Amino acid sequence: MTLELLWSKLASIEAKSGMLCGRTGKCNADCCRPSIMGGEPGVTPPEIALINGFLAKQRSFRFYEAGQDGCKFLGKNGLCRIYPVRPIDCRVHFCKDDSLQSQANPEMANLVAEYHSRHETAFMATELLDSFRFLGEQ
Ligand code: SF4
Ligand code: SF4
């Protein structure tokens, strides 16, 4: 299964299940703020390659537009600036409630587990999004 196929399958599960973020308060894209979220997404080499390809097509890309406490790809408007190529970890998190805990979705979890088992080498080389230096990043 390619990464693009996985993304498309995840999107169709999301659409079918009508999964929506379940936070009642102002979310302020807290899932994209590692200091609030208590962790950050991982990225595998194939994801890094696609993100770098996306960045290569931008005239100039400003990292950390939303400040140092946010993900380097978070925009000032609270939206992901690499949305079409965002990592798998970002595609499967939907707050269940104000605790920021993720809603359980076994169908999504199984699909991601299947993808990881088929791409074990890439999965083993997972980097943390914030630690990895992407194309054009100082
Ligand atoms: S996952 Fe949570 S923090 Fe992120 S956009 Fe949805 S409600 Fe907001
Ligand atoms: S890559 Fe995008 S969706 Fe993922 S944490 Fe960063 S801003 Fe949020």
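The values are calculated or read from the model by the stated rules, or taken from the named source; none is laboratory data. Fair warning: this is a prediction, and the values are worked out from it, not measured in the lab. In this analysis, Cβ positions are derived from the backbone assuming ideal geometry, glycine residues included, and neighbour counts consider all displayed protein chains. These area figures cover heavy atoms from the full protein model, side chains too; ligands, DNA and RNA do not enter into them. Shrake-Rupley method; radii C 1.70, N 1.55, O 1.52, S 1.80 Å.
Brief remarks follow.
- Scoring GLY67 on the criteria (1) within 21 Å of GLU137 (Cβ to Cβ); (2) part of a helix (DSSP H, G or I) leaves a single failure, condition (2).
- Counted residues, region 29-45 - those being closer than 18 Å to VAL85 by Cβ, part of a loop (DSSP other than H, G, I, E, B) and near ligand 1 (Cβ under 9 Å from one of its atoms): 1
- Residue-level check: of (1) more than 15 Å from the chain's Cα centre (by Cα); (2) touching a residue at least 40 places away in the same chain (Cβ under 8 Å); (3) part of a loop (DSSP other than H, G, I, E, B), LYS26 misses just (2).
- In this entry, ILE48 is excluded by the filter for residues that are at pLDDT below 95, within 16 Å of ligand 2 (Cβ to nearest atom) and not in a loop (DSSP other than H, G, I, E, B).
To keep it simple, each residue is scored yes or no on (1) of a type in the set (Ser, Thr, Tyr); (2) in contact with a Pro (Cβ under 6 Å, 6 or more places away or on another chain); (3) open to solvent by 40 Å² or more (accessible area, probe 1.4 Å).
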| residue | (1), (2), (3) |
| --- | --- |
| LEU3 | no, yes, no |
| SER17 | yes, no, yes |
| LYS26 | no, no, yes |
| PRO46 | no, no, yes |
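- Considering residues of region 86-110 that are surrounded by fewer than 19 Cβ atoms within 10 Å (Cβ to Cβ) and more than 12 Å from ligand 1 (Cβ to nearest atom) only, the residue modelled with the lowest pLDDT: ALA104
- When region 111-138 is filtered for residues that are open to solvent by 50 Å² or more (accessible area, probe 1.4 Å) and within 26 Å of GLY18 (Cβ to Cβ), the ones remaining, listed by number, are ALA113, GLU114.
- Residue within region 122-132 that is within 16 Å of ligand 2 (Cβ to nearest atom), among the aromatic types (Phe, Trp, Tyr) and farther than 28 Å from LYS57 by Cα present: no
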